[in-house]
1. Tally time: how many residues in the range 145-178 are under 20 Å from Val282 (Cβ atoms) and more than 15 Å from ligand 1 (Cβ to nearest atom)?
2. Counting only residues that are within 29 Å of Lys206 (Cβ to Cβ) and assigned to a helix (DSSP H, G or I), how many does the range 61-85 have?
3. Determine which member of the set Val78, Val117 is under 20 Å from the mean Cα position of the chain (by Cα) and surrounded by fewer than 18 Cβ atoms within 10 Å (Cβ to Cβ).
4. Please give the strands (runs of 3 or more DSSP E) falling wholly within the range 86-189 in which 3 or more residues are within 15 Å of ligand 2 (Cβ to nearest atom).
5. Condition first: surrounded by 14 or more Cβ atoms within 10 Å (Cβ to Cβ), in contact (Cβ under 8 Å) with a residue 12 or more places away in the chain and of a type in the set (Asp, Glu). Can you find one or more residues in the range 154-175 that meet it?
6. Of the numbered conditions (1) of a type in the set (Gly, Ala, Ser); (2) at pLDDT below 95; (3) within 14 Å of ligand 1 (Cβ to nearest atom), Gly199 fails exactly one; give the number of that condition.
7. Among the residues that make up the range 255-266, is at least one of them open to solvent by 20 Å² or more (accessible area, probe 1.4 Å), within 16 Å of ligand 2 (Cβ to nearest atom) and hydrophobic (A, V, I, L, M, F, W, C)?
8. Restricting the search to the range 239-254, which residues are more than 10 Å from ligand 1 (Cβ to nearest atom) and either modelled with pLDDT under 95 or assigned to a strand (DSSP E or B) (or both)?
Amino acid sequence: MSLIRIRPSWAISENKITPETVYFNRRRLLKGMISASIAGSLIPLSGCQKSASQTALEATLQQPKIPGVKTSPEFSQVDRPITKAILAGQYNNFYEFGGTKKIWLNAQNLPTENWKVEVTGLVNNPKTYDIDDLKKKFPLEERVYRFRCVEAWSMVLPWVGFPMKKLIEAVDPKSEAKYVRFTSFYDKDITTGPAFHLGYLPWPYKEGLRIEEMANDLAFFAVGIYGHDLPKQHGAPIRMVIPWKYGFKGAKSIVKIEFLNEQPATYWNTIDPNEYDFEANVNPAKPHPRWSQATEKFISTGPGLSWDIKETLPYNGYGEYVASLYA
Ligand SMILES: Nc1nc2c(c(=O)[nH]1)N[C@H]1C(S)=C(S)[C@@H](COP(=O)(O)O)O[C@H]1N2
Ligand SMILES: [Mo]
């Protein structure tokens, strides 16, 4: 049975080797793993395959609705339509659960019960938050943001969450704090994406910001999307959203946040600093070493694989908010 036959007609045709995955390939690290990663992307189904697969995917998106959330007037829309939830929910990067875009099923293994986020380091009020505490403590709002992956595809997504600066206020960083490190969930028995077998990759996934970047009004913690709790494939129960930077800066499924006085090592930057710089601001004028960043494939509506080629904007269109950080 071929991949083509079990792929539902509404699914985005999968780029089996994504630009980020090519990295591994080029370094000849994928030996014996390409087949594992492609097999891992197949959904073993019997009977009426098409509807079973679609039903399973839709079930992963039917998370509890987040009550009482208003859309931020300032971030209620952009110049492009919101991407359909069913497309955003099946076209993901989450290497802990596989090296292809099709990780949504495998990501359901992420254990999100009793989730805690430890906030520590150079702060006056270190605290370990329960995810429910966080959602109660910080008023939640919806923000429609552009999303631009370094691989040159993009979406528009309606996140639900709170500005990162609210957390900064709560933990009160010391004056020595200059950087912040964010660490994703990792458990080698659960996050068994194909890349795990390389062993020496810099797991867990980590990202970092300058504290001024984190304090910018746009920097956001998302606990939901499309009005509901985050589906696991999007990084439940809490992930970073930094809309003026490439998508890899937005670590998923955060368990730890540390205030530091030095720039932290981060996942992609450790793998290849030349291809994935720490700052990673969206910049159409600065090509990736292996492809142009001048345009992007904007994914908004289905069915099937469809995208519009759009020009990529400096800072992903958010220059008025963030350019002064880099003056
Ligand atoms: N922990 C973790 N966070 C991650 C990633 C990952 O592999 N692991 N991939 C990043 C990349 S490259 C992108 S483009 C976005 C994708 O987010 P989405 O799947 O919700 O669209 O998540 C980012 N956060
Ligand atoms: Mo990405």
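The values are calculated or read from the model by the stated rules, or taken from the named source; none is laboratory data. Fair warning: this is a prediction, and the values are worked out from it, not measured in the lab. Every residue, glycine among them, receives a Cβ derived from its backbone with ideal geometry; neighbour counts consider all protein chains shown. With ligands, DNA and RNA removed, areas are computed over all heavy atoms of the protein, side chains included. Shrake-Rupley method; radii C 1.70, N 1.55, O 1.52, S 1.80 Å.
1. 2
2. Residues that pass the stated criteria total 3.
3. Values: Val117 fails: surrounded by fewer than 18 Cβ atoms within 10 Å (Cβ to Cβ).
Every option except Val78 fails the conditions.
4. 141-148, 153-163
5. no
6. (3)
7. Kept after step one, since they are open to solvent by 20 Å² or more (accessible area, probe 1.4 Å), are these residues of the range 255-266: 255-256, 258, 260-263, 265.
Then keep just the ones that are within 16 Å of ligand 2 (Cβ to nearest atom); that gives none.
No.
8. Scanning the range 239-254 gives a single hit, Lys245.
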